[in-house]
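J.: Below are the structure tokens for one structure; questions will follow.
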Amino acid sequence: MESTVKPNLLISGVSDAGGGDYEKVKIDGVGTIKGSIAAVNFDTNGMTKVLGDLRANIMDCDGMIKVDGHLTAGKSVVDGTLKVKGSLKAESLAVNGFLRIDGDCESEVLDLEGSFEVQGLLNAGRLNAVLQWKGEAREIGVEFIKVRRTSKASWNKLWRWIMPKAVPGLKASVIEGDDIDLEYTEADIVRGNRIRIGKGCKIGLVEYRTELNAVSGAKIGKEVKTGD
Amino acid sequence: MEQELISKKELLDEKGISYGQLYRWKRKQLIPEEWFIRKSTFTGQETFFPKDLILTRIDKIMNMKDDLSLDELADKLSPLLPAFELRKADLFKRNIVSHVVLERFASEDKESVVYTYEKLLYFYIVDKLLQAGEMSLEEGDKLLQTMKDHYPKFEGKPCELLFMRKMGVSSFALLSVPAEIYFETGVKLIARLSMAESIEHLKGKLE
């Protein structure tokens, strides 16, 4: 089969573009894509808005990006803000800043630093979260999860000054996984094989199969050992 | 014939799999989204699965995962209609649907005619209901026509077939799922079949 060469899309400054199938998309400045777009390489600096779906093999975004449809990505790195109205599916995703997804979020590897809000199911192979502000998800299902609060207190002070109520920490109704390692987490139910409940946690019910490790400061409503 | 459900916890215990595996398979699309049924129970929200479907699916995954990568597996298990075709003569020989069905509904077709998977599926479902003794041959005609006219409209989206009777008068309906349906009194629901389940069963028979 003869492969056609896909075009590139370059935006510098402020501009709109239609959707389409591209090899390389580079946006510096403010760009709006009026439709669905697919790209092998999607690289943006500044503010980008996609009014349809976005598909990218490699995605690198600095600044702010909003997707009205679904986002499907291979390896992706976002420094800044990523907002998706649909669902997100990725091979690996690293977000340094703020992530907001109205649908479900699926990724093999997920590194979140800063803050996030997922309204649906957060499903990841390995989820690493370092929270500077709050993290929220309805339901989390993983093979491995580690939640920490950032050690740098300087930002915390600023956030708390802006939003006095915001305390960095994770909030979810259900967290399920094989290896679970939590700190500063508030959840109704945590279920898994090996579970560590660290400081600042408030969990309603913990169901574990092999191992439960809880520090003395953690609040756990009920512990149940399941299986065999 | 309501679908039997199994809770996530029961499923994991019964099959000896972990949460991580289950979520991994979901990510790889080995387990379709619509099988995750969320229901509220006294402990809060719980996830349930259609029992027969999920148990056979998990057996399949566990049997094949040593030989195939998960991505290859996903292709094999895709819920869409497989691109599988069969000649009428072979259908007859392999006894996938009973001879009565073929005689009644396909007598005009030549032996060499090739049926699409869709067509095979229709025959299979008609056959299933006939064999169960729930449906007459005349009703089979109606059912076949209903599926022919309306099933393609779902474009592979999950749906169910309803077969009901009131005062001896029968009727069929195709319904997209998940959906709840209530009938007036006097209506007897005779069969409720998930098309996805039938596709799976037929796939098993053809392999």
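J.: Within segment A:169-192, work out how many residues are more than 9 Å from chain B (Cβ to nearest Cβ) and of a type in the set (Ser, Thr, Tyr).
T.: Residues meeting the conditions: 2.
J.: Filter segment A:100-116 down to residues that are outside any strand (DSSP E or B) and small (Gly, Ala, Ser), then give me how many there are.
T.: Looking only at that region, the number is 1.
J.: Restricted to segment B:1-53, and to residues that are of a type in the set (Asp, Glu) and not in a strand (DSSP E or B), which residue is farthest from the other protein chains (Cβ to nearest Cβ)?
T.: B:Glu2
J.: Between B:Leu174, B:Leu137, which is touching a residue at least 12 places away in the same chain (Cβ under 8 Å) and in contact with a His (Cβ under 7 Å, 6 or more places away or on another chain)?
T.: B:Leu174
J.: Give A:Gly63, A:Gly86 a once-over and let me know the one that is out of contact with any Cys (no Cβ under 6 Å at 6 or more places or on another chain), surrounded by 17 or more Cβ atoms within 10 Å (Cβ to Cβ) and outside any strand (DSSP E or B).
T.: Just a single option satisfies the conditions, and that option is A:Gly86.
J.: Considering only segment A:20-27, I want to know if a residue exists there that is among the aromatic types (Phe, Trp, Tyr), surrounded by 23 or more Cβ atoms within 10 Å (Cβ to Cβ) and in a strand (DSSP E or B).
T.: no
J.: Pick from segment A:200-225 the residues that are loosely packed, with under 13 Cβ neighbours inside 10 Å and either touching a helix residue (DSSP H, G or I) at 6+ places or on another chain (Cβ under 8 Å) or outside any strand (DSSP E or B) (or both): which of them is modelled with the highest pLDDT?
T.: Top of the filtered list is A:Val215.
The values are calculated or read from the model by the stated rules, or taken from the named source; none is laboratory data. In this text, all values refer to a predicted model and were calculated from it rather than measured experimentally. Cβ sites come from the backbone with ideal geometry, for glycine too, and all protein chains shown count toward neighbours.
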